[in-house]
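What follows is a short report on a single structure.
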Amino acid sequence: MGTWRNLSKDKKLKEVDTDKDDLDDEFELKLGTNINDPDSDDDGYWDGLEVAKGFDPLNPDAVKVKKRI
């Protein structure tokens with residue numbers, strides 16, 4: 001998992017998307033997804049796409065979240 005030391009001092013977590021999944025690192029840390037893996041649950045869909053479509057990026061089953069993030 002990434003650490004604060006990996007980021008340059010002038011960049012904020014909101015400006016960084018380490019795994020290029022369309023979710024910034026700060027949001028991923030809040031969600032509990034892996035900032036170094038674009039598909040945290042290994043279901044074939046990037047975390048950012050799952051969040052955008054209302055699915056749980058931590059559940060490999062096609063489960064919609066009750067409340068959109």
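All of the numbers you see were taken from the coordinates with simple rules; none came from a lab. Bear in mind the structure is a predicted one, so any value in this text is a computation, not a measurement. All Cβ positions, even for glycine, are placed from backbone atoms using ideal geometry, and neighbour counts span all protein chains on display.
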Full extension between Asp61 and Asn36 adds, at 0.36 nm per residue less the Cα distance, a length in nm of 6.9 nm
FRET E, pair Lys53, Leu29, Förster distance 25 Å, beta-carbon r, rounded to 0.05: 0.75
What is the dipole size for the stretch 22-66, taken about its Cα centre, with +1 at each Lys and Arg Cβ and -1 at each Asp and Glu Cβ, in debye to the nearest 20? 320
